[in-house]
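Okay, so here's the structure we're looking at.
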Amino acid sequence: MNAHPLEEEGRSTRSIDPCIVVIFGATGDLTARKLMPAIYNLARESLLPANFGCVGFARRPKSHDEFREEMKKQVSDHSRVKPIEENIWSNFHEKLFYHQSEFDKDEGYEKLKGFLGELDAKLGTKGNRIFYLSVQPKFFPLIIEMLSKHGLIYKENENNWSRVIIEKPFGKDWKSSMDLQNHIQKFITEEQTYRIDHYLGKETVQNLLVFRFANSIFESIWNYKHIDHVQITVAEDLGIGNRGEFFEEEGLLRDIVQNHMMQLLSIVAMEPPIDLSAKGIRDEKVKVLQSIRPLSKNDFQNNLVRGQYGKGFIEGEQVKAYRQEEEVDKSSNIETFVALKLYLDNWRWTGVPFYLRGAKRLPKKVTEIAIIFKDAPGLLFKHHNSKNDPNVLAIRIQPDEGISMKMNCKVPGPSSPVQPVKMDFRYGAYFGKTPPEAYERLILECILGDSTLFARADEVEQSWKIFTPILEYWSKNPPKNFPNYPSGSWGPKEADDLMARDNRNWRIP
Ligand SMILES: NC(=O)c1ccc[n+]([C@@H]2O[C@H](COP(=O)([O-])OP(=O)(O)OC[C@H]3O[C@@H](n4cnc5c(N)ncnc54)[C@H](OP(=O)(O)O)[C@@H]3O)[C@@H](O)[C@H]2O)c1
């Protein structure tokens with residue numbers, strides 16, 4: 001018999017406590033596309049506790065059966081493994097329930113409390129709860145306060161536990177994130193708080209830790225002596241789709257750079273943790289954020305670029321400009337492209353620039369971290385009609401997760417031109433299976449009570465400290481040239497100029 005997947009990872013299955021997951025916002029887009037398929041796939045892989053229940057909480061009236069039917073359709077459409085397996089679904093279906101209420105109505109929480117008590121008796125879930133807040137951020141403080149007021153969340157004790165997963169974004173800037181934090185900590189502890197950054201649930205992001213700290217060959221060259229610079233790219237070929245209203249409030253800096261890109265940067269740049277505990281890893285990540293040099297006025301002008309896509313072509317299809325998208329202001333100044341240069345003022349990274357580029361409507365969807373090494377000294381092969389590139393280690397987070405190494409080789413034959421070649425490792429091809437969706441991993445980690453893959457309060461605060469001054473600078477200095485890059489291009493010319501001033505180029509990942 002195969003080992004249980006958690007045992008294969010060296011973790012005990014005994015730590016999977018019985019529990020109920022309550023999803024606030026259960027009729028929403030995220031539940032349909034990500035959360036319910038993730039829970040179903042956990043059930044498929046036998047990763048849920050045997051005693052388990054899931055309750056959807058939203059405003060529209062509907063019966064348990066109507067909710068189950070809708071969720072079945074959504075899981076059929078969005079699960080990474082298709083078709084849906086009837087025997088697994090029918091088992092899962094019996095553990096799925098719906099609770100109708102408004103977020104601000106006391107009686108809704110009282111009824112929920114009674115209902116969860118009944119389910120505990122029926123399903124054997126022992127009072128353990130996860131409250132997943134898949135709702136607009138303005139509801140985060142209200143729901144947490146109401147849960148506390150009605151005795152639905154309680155401090156962990158020897159009998160049972162309750163945890164709260166909070167979707168992103170956690171605040172709009174430093175002040176609002178601190179206000180939110182100060183409010184929720186009146187009702188829940190940091191140990192109960194699981195702030196989602198779904199990048200942390202991605203298999204390749206976790207692999208970064210293994211890659212860096214389970215391979216001794218990299219550690220001695222992972223520093224300013226050998227690395228010329230680092231490029232982190234999060235590119236989307238898509239525009240903003242039907243999320244115009246959301247994006248008009250958010251912009252790319254908040255949506256991608258402040259959270260996902262900072263998570264990637266901190267894992268690439270962190271020191272080895274003392275252990276793999278949540279505290280061990282997050283202590284080191286936060287030190288990276290603390291070491292980032294605040295941007296000066298000169299940086300705002302020369303080392304920071306914002307852009308907005310105009311119309312253009314993606315894979316031969318004509319696409320609209322951002323300002324023509326639905327629910328977008330016709331003269332919107334919201335950025336869909338950000339490029340910037342950061343320095344980390346610590347011993348390991350002194351003088352090494354980290355170039356970050358995040359954008360919508362670039363030629364392809366790709367998330368990549370590229371470590372560009374210094375040139376070989378002397379350049380012995382310069383005269384041989386050679387193309388002597390620096391070594392590049394490229395870690396592809398998505399799609400086609402993998403790692404490639406660019407190195408210089410001699411072309412066969414009597415003359416000896418040098419040519420860069422690529423050694424390529426792809427997870428999918430090697431391991432022959434698709435990695436689980438980030439939300440599967442994150443929900444499971446929360447059930448297990450492990451917060452390593454969630455953002456801690458001080459990480460979020462530190463990241464907002466870096467980016468809030470940029471938001472303030474931008475709001476005082478509106479862009480004069482939007483749209484400034486056509487859809488399907490690699491972004492505005494100013495981003496290339498930023499690199500050119502440093503005698504470098506953006507990679508085409
Ligand atoms: N969608 C995404 O791709 C995505 C990606 C990353 C993060 N997120 C985050 O995930 C969260 C949820 O996003 P979403 O796109 O799923 O939102 P959504 O589609 O707008 O869904 C909102 C949900 O909240 C419920 N709701 C709203 N007001 C309510 C009230 N007063 N009382 C009770 N229920 C109420 C709605 O119920 P009714 O429909 O019954 O009114 C619905 O179930 C947000 O924090 C978002 O930032 C979303």
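Structure summary
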{"item": "Pair list, Cβ under 7 Å, 6 or more apart: the range 184-203 residue under 15 Å from residue 137 (Cβ atoms), other residue of a type in the set (D, E, K, R)", "result": "196/167; 196/168; 197/168"}
{"item": "Residue match in the range 88-104 (condition: among the aliphatic types (A, V, I, L, M) and part of a loop (DSSP other than H, G, I, E, B))", "result": "no"}
{"item": "Residue that is surrounded by the most Cβ atoms within 10 Å (Cβ to Cβ), among those in the range 102-145 that are touching a residue at least 40 places away in the same chain (Cβ under 8 Å) and on the phi > 0 side of the Ramachandran plot", "result": "126"}
{"item": "Qualifying residue in the range 169-178 (condition: exposed (fewer than 14 other Cβ atoms within 10 Å of the Cβ) and over 18 Å from residue 443 (Cβ atoms))", "result": "yes"}
{"item": "Test: residue 58 is touching a residue at least 12 places away in the same chain (Cβ under 8 Å) and either under 20 Å from residue 434 (Cβ atoms) or loosely packed, with under 14 Cβ neighbours inside 10 Å (or both)", "result": "no"}
{"item": "Out of 143, 166, 153, 184, sole residue that is within 16 Å of the ligand (Cβ to nearest atom), among the β-branched types (Val, Ile, Thr) and under 17 Å from residue 447 (Cα atoms)", "result": "166"}
{"item": "Any hit, the range 409-424, residues being of a type in the set (D, E, K, R) and not in a strand (DSSP E or B)", "result": "no"}
{"item": "Residue 172 under 18 Å from residue 451 (Cα atoms), outside any helix (DSSP H, G or I), within 20 Å of the chain's Cα centre (by Cα) and among the basic types (Lys, Arg)", "result": "no"}
{"item": "Unique residue being closer than 20 Å to residue 347 by Cα, more than 16 Å from the ligand (Cβ to nearest atom) and not β-branched (Val, Ile, Thr) when the list is 203, 271", "result": "271"}
{"item": "The range 385-408 - residue that is part of a loop (DSSP other than H, G, I, E, B) and among the charged types (D, E, K, R) and, of those, nearest to the chain's Cα centre (by Cα)", "result": "401"}
{"item": "Tally, over the range 109-139, of residues that are within 15 Å of the ligand (Cβ to nearest atom) and in contact with a Phe, Trp or Tyr (Cβ under 8 Å, 6 or more places away or on another chain)", "result": "8"}
{"item": "Test for residue 351: is it small (Gly, Ala, Ser), in the same structural domain as residue 247 (by TED's automatic domain parsing) and more than 15 Å from residue 222 (Cα to Cα)", "result": "no"}
{"item": "Restricting the range 419-448 to residues that are surrounded by fewer than 20 Cβ atoms within 10 Å (Cβ to Cβ) and among the aliphatic types (A, V, I, L, M), the residue that is farthest from residue 389 (Cα to Cα)", "result": "448"}
{"item": "Where a residue in the range 154-172 is more than 17 Å from residue 463 (Cβ to Cβ) and modelled with pLDDT under 95 and its partner, wherever it lies, is within 13 Å of the ligand (Cβ to nearest atom) and part of a loop (DSSP other than H, G, I, E, B), with Cβ under 9 Å and at least six apart", "result": "none"}
{"item": "Any hit, the range 11-18, residues being modelled with pLDDT of 95 or more and near the ligand (Cβ under 9 Å from one of its atoms)", "result": "no"}
{"item": "Residue satisfying condition, being more than 25 Å from residue 250 (Cα to Cα) and part of a strand (DSSP E or B), within set 188, 165, 153, 130", "result": "130"}
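The values are calculated or read from the model by the stated rules, or taken from the named source; none is laboratory data. All values derive from a computational prediction rather than experimental measurement. Don't worry about glycine lacking a Cβ; one is built from the backbone with ideal geometry, like all the others, and counts go over all protein chains shown.
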